[in-house]
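Report on the following structure.
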Ligand SMILES: NC(=O)c1ccc[n+]([C@@H]2O[C@H](COP(=O)([O-])OP(=O)(O)OC[C@H]3O[C@@H](n4cnc5c(N)ncnc54)[C@H](O)[C@@H]3O)[C@@H](O)[C@H]2O)c1
C-alpha cells in the first residue's frame, strides 16, 4: 500500500508560500497548479492579469490556496510590489519560481538592439532582480527558501534557428543560478534551474507559427519523440522546492526527452 504520509514528507509543501512568475499560462500555470496541489499558498503573477486571475480561481475551486497579481519582471517597481503583495497575503516568501520569459524569433543578422534589450530585460535582468528580491525576503524571515529558474536546453545547445538572443539570455540565467546558489547556501536558500526541451505551451505554439525555418529540435531529434507537457516540467520543479530537494543546490534538471544526448 502506498504510504501517503511518507510521500508527503518528501513532496508536501504545506505551510509554504510560493511565487510563480509568468504563471497565467503555459509552464508557469502548470507549476503554480502543482505547487498548490502539494499544499503551498501560491501567488500567480503575470503581465496578463486576466489569465493570472483565472489560474488562481481554478486552483481555489479545486481546493487549493492561490491569489493573483500583476507583474512585469522587467520593471523593478513591479517586482517590489509583488514582494509586498506576497508578504501581505502570506507573511513572506518561501519559494520563488522565475518562469516568465519571452522567445521572439529573429534571424541572427536582423536582431536589433531594441529586440536584444527587450528579451534580455525580461528573461535575464527580470530573473536576476526577482532573485534579488526573493533572497532579501528569505534573509529577512531567516527560514531559508528555494528558488528555481527556468533556463532552457537552448542555454547549452542550438535548439531552434533564429533565437541567438534568447539562447544568450538563458545561458545568463544558468550562470546566475550557479552564482546565487554558492552565494546564499549559508542562508539555506537553495537555487536551482530547469532546462526544458520542447514543451507544448501557448507561447511555443504561437512562436512556431512565425518560425521562418524548421526547428533543429523537431520530434525526430528527440529520443522520446514528442515534446513535454507543462506538467512534466512542473514535476521537476516540485522535486527541487520540496523536502526531497533539500540537498540540491546550484544545479539544473534537464527535462528534454533526451534531446541533449541525441
Ligand atoms: N515552451 C518551451 O518549449 C520552453 C522550452 C524551454 C524553456 N522555456 C521557458 O519556460 C518559460 C515559460 O515558457 P512558456 O512556453 O510557458 O511561455 P508562454 O508564452 O506560454 O507563457 C509565458 C507567460 O509569461 C508571461 N510573461 C511574459 N512576459 C512577462 C513579464 N515581463 N512579466 C511577467 N510575466 C510575463 C506571459 O504573459 C505568459 O503568461 C520561459 O522562461 C521559457 O523561456 C519554454
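The values are calculated or read from the model by the stated rules, or taken from the named source; none is laboratory data. None of the values given here were measured: they were computed from a predicted structure. Counting neighbours? That spans all protein chains shown, and the Cβs are built from the backbone with ideal geometry, glycine included.
Pairing each residue of the stretch 245-262 that is without any contact (Cβ under 8 Å) to a residue 12 or more places away in the chain with any residue that is surrounded by 15 or more Cβ atoms within 10 Å (Cβ to Cβ), provided the two are 6+ apart or on different chains, yields C-beta distances under 9 Å for 247/190. Taking the stretch 101-208 as the region of interest, the helices (runs of 4 or more DSSP H) fully inside it that hold 1 or more residues being surrounded by 23 or more Cβ atoms within 10 Å (Cβ to Cβ) and in contact with a strand residue (DSSP E or B) (Cβ under 6 Å, 6 or more places away or on another chain) are 126-141, 164-184. Taken residue by residue, the stretch 46-62 has no member that is away from the ligand (no atom under 11 Å from the Cβ) and in contact (Cβ under 8 Å) with a residue 40 or more places away in the chain.
Take the conditions (1) at pLDDT below 95; (2) within 8 Å of the ligand (Cβ to nearest atom); residue 8 misses just one of them, which is (2).
Mind telling me which of the residues 74, 78, 68 ends up being free of Cβ contacts under 8 Å to residues at least 12 places away in the same chain, under 25 Å from residue 192 (Cα atoms) and within 19 Å of the chain's Cα centre (by Cα)?
Testing whether each residue is free of Cβ contacts under 8 Å to residues at least 12 places away in the same chain, under 25 Å from residue 192 (Cα atoms) and within 19 Å of the chain's Cα centre (by Cα) leaves just 78.
Of the set (1) more than 16 Å from the chain's Cα centre (by Cα); (2) without any contact (Cβ under 8 Å) to a residue 60 or more places away in the chain, all apply to residue 92 but (2).
Determine if the stretch 94-117 includes at least one residue that is in contact with a helix residue (DSSP H, G or I) (Cβ under 9 Å, 6 or more places away or on another chain), more than 20 Å from residue 152 (Cβ to Cβ) and away from the ligand (no atom under 11 Å from the Cβ). Taking every residue of the stretch 94-117 in turn, at least one turns out to be in contact with a helix residue (DSSP H, G or I) (Cβ under 9 Å, 6 or more places away or on another chain), more than 20 Å from residue 152 (Cβ to Cβ) and away from the ligand (no atom under 11 Å from the Cβ). Listed by first and then second residue, the pairs with beta-carbon distance under 7 Å, at least 6 apart or on different chains, first residue in the stretch 113-128 and without any contact (Cβ under 8 Å) to a residue 40 or more places away in the chain and farther than 14 Å from residue 163 by Cβ, second part of a helix (DSSP H, G or I) and more than 8 Å from the ligand (Cβ to nearest atom), form an empty list. Among the residues of the stretch 225-244, those identified as within 14 Å of the ligand (Cβ to nearest atom) and either assigned to a loop (DSSP other than H, G, I, E, B) or without any contact (Cβ under 8 Å) to a residue 40 or more places away in the chain (or both) are 226, 227, 228, 229, 232. Evaluate the following for residue 173: is it near the ligand (Cβ under 9 Å from one of its atoms), closer than 26 Å to residue 118 by Cβ and modelled with pLDDT under 95? Spelling it out, it is not the case that residue 173 is near the ligand (Cβ under 9 Å from one of its atoms), closer than 26 Å to residue 118 by Cβ and modelled with pLDDT under 95. The C-beta contact set for the stretch 164-191 (first residue within 18 Å of residue 105 (Cα to Cα), second residue outside any helix (DSSP H, G or I) and away from the ligand (no atom under 15 Å from the Cβ), distance under 6 angstrom, 6+ apart or interchain) comprises 165/111.
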